[in-house]
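A quick write-up on the structure given underneath.
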Amino acid sequence: MSGVTSDASPWVHRFAQAIPKEGLVLDMACGSGRHSVLLASLGHSVLAVDRDIAALQNLQDPLIQVEKYDLEGSDWPLHDLQLAGIVVTNYLYRPYLAFLPKMLIEGGVLIYETFADGNAQFGKPSNPDFLLKPGELLTLAQESKLKVLAYEDIYLDQPKPAMVQRICAVKGHLKGRIPLQFQG
């Protein structure tokens, strides 16, 4: 399992331990489940959600529940959840973005990382609908009264050149949990 968890985003890996152990963690638009595997390896119960779950068929971890949902439909399937953590990478759908902080329990952690304005010069995504505007995740945190633990709006050259915006924010207080520092 460690080989799979090494595929996790360094940002997610750095802050995953800040998520409370009690409660469910959402891996939204989870793709191949790389972050679901990481979260389960840390003892979290995970809801892995994507519109295409074919890549998740081989996940055999009892801590990971896989669900196929249309995250961009007129009826959002996740609005009633109360979550200890939410992890989102390489995905943006603005109509439901403001719902995420409302779904967190007290002490719950939002870890979000996706492409940002300026990424078009490096390839896809290039459509502004899928690129965060400058400060957009900070604005989301401020409007939702989340405490920002870390935020970056930067150029990355690995795994491929990209403009990326990322945040780790908590609803309320961390309750004694200390985020991991990136080792690498």
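The values are calculated or read from the model by the stated rules, or taken from the named source; none is laboratory data. Keep in mind the model is a prediction, meaning the values are calculated, not measured. Methodologically, a virtual Cβ is constructed for each residue, glycine included, from the backbone with ideal geometry; neighbour enumeration extends over all protein chains shown.
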Test of understanding: among 48, 29, 84, 8, which residue is on the phi > 0 side of the Ramachandran plot, crowded, with 19+ Cβ neighbours inside 10 Å and aliphatic (A, V, I, L, M)?
29
Pairs needed: first member in the range 76-92, farther than 21 Å from residue 37 by Cα; second member anywhere, of a type in the set (S, T, N, Q) and outside any loop (DSSP other than H, G, I, E, B); C-beta distance under 6 Å; at least 6 residues apart or different chains.
92/114
Could you please find all residues in the range 109-130 being within 26 Å of residue 75 (Cβ to Cβ) and under 17 Å from the mean Cα position of the chain (by Cα)?
110, 111, 112, 114, 130
Is the range 126-140 home to any residue that is touching a residue at least 40 places away in the same chain (Cβ under 8 Å) and farther than 24 Å from residue 38 by Cα?
yes
When only residues in the range 87-108 that are under 12 Å from the mean Cα position of the chain (by Cα) and outside any helix (DSSP H, G or I) count, which is surrounded by the most Cβ atoms within 10 Å (Cβ to Cβ)?
87
Identify, from the list 71, 24, 56, 42, the residue that is touching a strand residue (DSSP E or B) at 6+ places or on another chain (Cβ under 8 Å) and either more than 25 Å from residue 160 (Cβ to Cβ) or loosely packed, with under 14 Cβ neighbours inside 10 Å (or both).
24
Restricting the first residue to the range 47-71 and requiring it to be farther than 15 Å from residue 32 by Cβ, which pairs with a second residue that is among the polar types (S, T, N, Q) and surrounded by 11 or more Cβ atoms within 10 Å (Cβ to Cβ) meet a Cβ separation below 7 Å and a spacing of at least six or different chains?
47/65; 63/45
Residue 126 fails exactly one of (1) in a loop (DSSP other than H, G, I, E, B); (2) modelled with pLDDT under 95; (3) exposed (fewer than 12 other Cβ atoms within 10 Å of the Cβ), namely (3)
